1. Go through the stretch A:183-198 and report how many residues are under 20 Å from A:A125 (Cα atoms) and more than 9 Å from chain B (Cβ to nearest Cβ).
2. Given the residues B:L423, B:L384, B:L404, B:L398, which is the only one that is more than 23 Å from the chain's Cα centre (by Cα) and either modelled with pLDDT of 70 or more or within 30 Å of B:D659 (Cβ to Cβ) (or both)?
3. Quick one: how many residues across the stretch B:201-219 are part of a strand (DSSP E or B), under 25 Å from B:N271 (Cα atoms) and out of contact with any helix residue (DSSP H, G or I) (no Cβ under 6 Å at 6 or more places or on another chain)?
4. Within the group B:A350, B:A342, B:A361, which residue is modelled with pLDDT of 85 or more and either surrounded by fewer than 21 Cβ atoms within 10 Å (Cβ to Cβ) or outside any helix (DSSP H, G or I) (or both)?
5. Has the stretch B:154-165 got at least one residue that is in a loop (DSSP other than H, G, I, E, B) and not assigned by TED's automatic domain parsing to the domain that holds B:T259?
6. Failed condition for B:R45, given (1) within 14 Å of chain A (Cβ to nearest Cβ); (2) among the charged types (D, E, K, R); (3) in a strand (DSSP E or B), with all others met?
7. Do you know which residues across the stretch A:152-196 are touching a Ser or Thr at 6+ places or on another chain (Cβ under 6 Å) and small (G, A, S)?
8. What's the total number of residues in the stretch B:57-76 that are of a type in the set (V, I, T) and surrounded by fewer than 17 Cβ atoms within 10 Å (Cβ to Cβ)?
Amino acid sequence: MKTLFSVFGAALLLGGSALAQQVGDPAPAFEAETTAGETISLSDFEGRKVVLEWTNAECPFVQKHYGANNMQSLQKRMTADGTVWITVNSSAPGKQGHVTPEDADRLTEERGAAPTHVVLDEDGAIGRAYGAKTTPHMYVIDEEGVLRYNGAIDTIPSTDQADVPRAENYVVAALDSLDRGQAVVTSRTQPYGCSVKY
Amino acid sequence: MRGRRSYLGSAMIRFLVSLAALFALFAPAAAQTGPVVETDHAASRLIAEREGAVPGETAWIALRQELEEHWHVYWRNPGDSGLPLEIDWTLPEGFEAGEVIYPLPHRLPLGPLVNYGHEGEPVFLVPLSVPETAQAGETARIVAEANWLICADVCVPEQARLTLDLPIMAEEAPPAAFAQEIGEALAARPRPAPFDAAYAAAEAGPVLRLAADLDAPEFYPFEPALIEPAGRQDVSHDEGATLIAFDGGFDYLDAPPETLEGLVVTGSGANRQGYIVEAMRAEEGAAFASAPAPAPLTAGGGAGPAPAALGATLLFAFLGGLILNVMPCVFPVVFMKAASLAGSAGHERAVVRRHGVLYTAGVLATFLAIAGVLIALRAGGEQLGWGFQLQNPVVVGLFAVIILLVGLNLAGLFEVGTSVQGLGQGLTQRGGNAGAFFTGMLAVAVAAPCIGPFLGVPVGYALAQPAMIGLLVFAVVGLGLAAPYLLLSIVPVLGRLLPKPGPWMVTFKQLLSFAMFGTLVWLAWVLSLQAGPQGVLLLGVALVLAAFAAWAFGRSQGGSRGWRVAALAGLVLALLPLARVETVVPQAIAAETDDRSKLPTVPYGEERLAELRAEGVPVFVDFTAAWCVTCQVNKQTVLNRREVIDAFHERGVRYMVADWTVQDPEITRALEAQGRSGVPLYLYYAPGAEAARVLPQVLSVDGVIGLFDDLEKTA
């Protein structure tokens, strides 16, 4: 019994690196070149809220939210309030959803999207730092650079556009709470979608 | 072919099936199977276990998919990405579809992520409850709007409107075309863990403690965010317990839950088994120190025999093989050997000796071949045991055709190995040699599948050992089986016991043909239980064609080449219907405990057995199979005797039947838990007994009744 106890005790002490990005911690810093050729870093946006959106234009879950004009409306509404919206594409070259900067900008135009910046994260460094799993996968960062929301875009995991109006949007709820100076109630959810094509 | 199994000679069977399909001699039976709906990456249909449903009962139906290679669909918790299957039912009034029972999930790594899902041909079981008010004679239309996400490295949502017309019947309907797929899915569905589970909330993630020594355990949580799918699953073993440490998911890191619920999956290939665990959170590691001792993994557990030393095992193997000669199992072959003895009686000593050695060689070669195939299939994850060849109705049908041909040969319809020159001289030397070897082969293939006295432990042991030791044990069993005949033929003194040749031999041989026809009846009966009326019909056609081939071959021995062609054609045609024989899931054994004229029968199930034992009900477990003649003899001469049936009822003993006529992984596992790998096996669980008492392979009335009395006295 003694050995049993000690083996178990040892197992308890074995720490594992937390794969999931912790809400309440400073959001991982990054520096990246946008599709417009501009170099941005997270610290540039201190004093403004930042939304990160992981995308892959060929993923049916992403198509659901762009097809229903949901993502575009969110982008317009948030950026109008001064929030920075960064669309991140972590598809590796040769994988589904990988695009050139020109293609990315054309997609933005075609879909009537309005992100502040689009970043092509070809080596997946930003995606891995944030633990982005799916497209879409959404993050909200507050004015102090602290991660406040990490998870799904809304409450109904599906590829059906008809579900969009029925669902509650977590990103909207998180930003509303921050605007009112309150804590984000639902700060961590299981993201749904296609896997990020690292 | 529907019954997809890697059996002995499956490649040949497949070849024959495609030939048979070409000829399309027999239309497939109409069955309760919905139309296939093809989507881009899957073919989906609704299937039913039986051809009809009974009012007031639950019918098993399922969504079966054939997925494109390398594409997968998702388990109820899909892991890092993906979506589980969603079904929206439209059912006739009063019908209700229960929750989907998913097949056992697999971990599907994708870059830094891990999903939980299914590839190949998943079967999603659904219990359908049929209202009392349903009217026999009507047909219930089941409609399922199914949505699923199917992914390779890219994902596509697919949907299909699936239908199934299920007739309502007053009595239990016969198994439908996909009964086997549903039966396998039911057998493989996860069951409550027979071991204790708890978890400790370490900072980085939960550490699960399972009170059993598990082989290659994987854990699949029901809830998504409690462990990281792509994180650690560090397994360690400790004094019979298994510990698995995980990286916690965000819900866990936020607040560890009271219970961690999910599926523990052990083993690999067809041996995978899922156990549902509800691990309570233990406050400290100390809580585990007082956890009860590890439970045996199977409810049928009990103390299996300790692995015997090799020397003793080999001795038992030889004795067992020797005794096999007088077991009912081997009766058909005793007749064959008598025939070949009679055949060799007229020959010189050297010839008789050679036949003896060749017979032994045939026995050994076949034993080693079957054991080799069995060991290889088991290594590939198939859950099979000794006698597996007779679990396949196609093989049973082939043996039936061979036995018919042997019978017709003995009856004199045709001669074997007789060239035109040798006509009339009886068996030539060449034919005798081949015949002796062939007799040895048939002795093992048809007659050795059941386990005789002394053989239970060696055969179980052989299959648990490395291949070379296993083969050695089987070879020694074969040597024992062949020993009497070998001795008769090589020891001159014994040889003189053989009768003098004479005209009586012809009469004797013809008489023996009836023993073969008797064997044929037995094989046809076995096949009827495995493949139903359709199978018997196909066998009948095969037998007629084979008999025609034998007759034509006999005519060809008169000289004409044309007859020889006709014989060959008849034989080839005989194989075609055989190849179409398919296993149907046998009628479930009905529980029948009140009728005092019959044994108080309940079908075998690990859970049921555990329940009965927990209730203190004594249980007699009969591991049996239709092809096991010893089992049938025991049943007729002992178990079905009036005084035995009365004793069961008087003592309140339940008679639990584990029917192994067709392959059944649950029963194979239960046999292995007793260190066995074949039938018959008789177990008796006295009320409150820790372990089963193992009975001899040959039962006696006094033995069985005395067993109940004995334990009553000591209890």
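The values are calculated or read from the model by the stated rules, or taken from the named source; none is laboratory data. Keep in mind the model is a prediction, meaning the values are calculated, not measured. Every residue, glycine among them, receives a Cβ derived from its backbone with ideal geometry; neighbour counts consider all protein chains shown.
1. Residues flagged as under 20 Å from A:A125 (Cα atoms) and more than 9 Å from chain B (Cβ to nearest Cβ) within the stretch A:183-198 amount to 0.
2. Among B:L423, B:L384, B:L404, B:L398, only B:L404 is more than 23 Å from the chain's Cα centre (by Cα) and either modelled with pLDDT of 70 or more or within 30 Å of B:D659 (Cβ to Cβ) (or both).
3. Qualifying residue count for the region: 4.
4. Exactly one residue qualifies, and that residue is B:A361.
5. Yes, that holds for at least one residue.
6. Evaluating B:R45 over (1) within 14 Å of chain A (Cβ to nearest Cβ); (2) among the charged types (D, E, K, R); (3) in a strand (DSSP E or B) leaves (1) as the failure.
7. Across the stretch A:152-196, the qualifying residues are A:A152, A:A167, A:G193, A:S195.
8. 1
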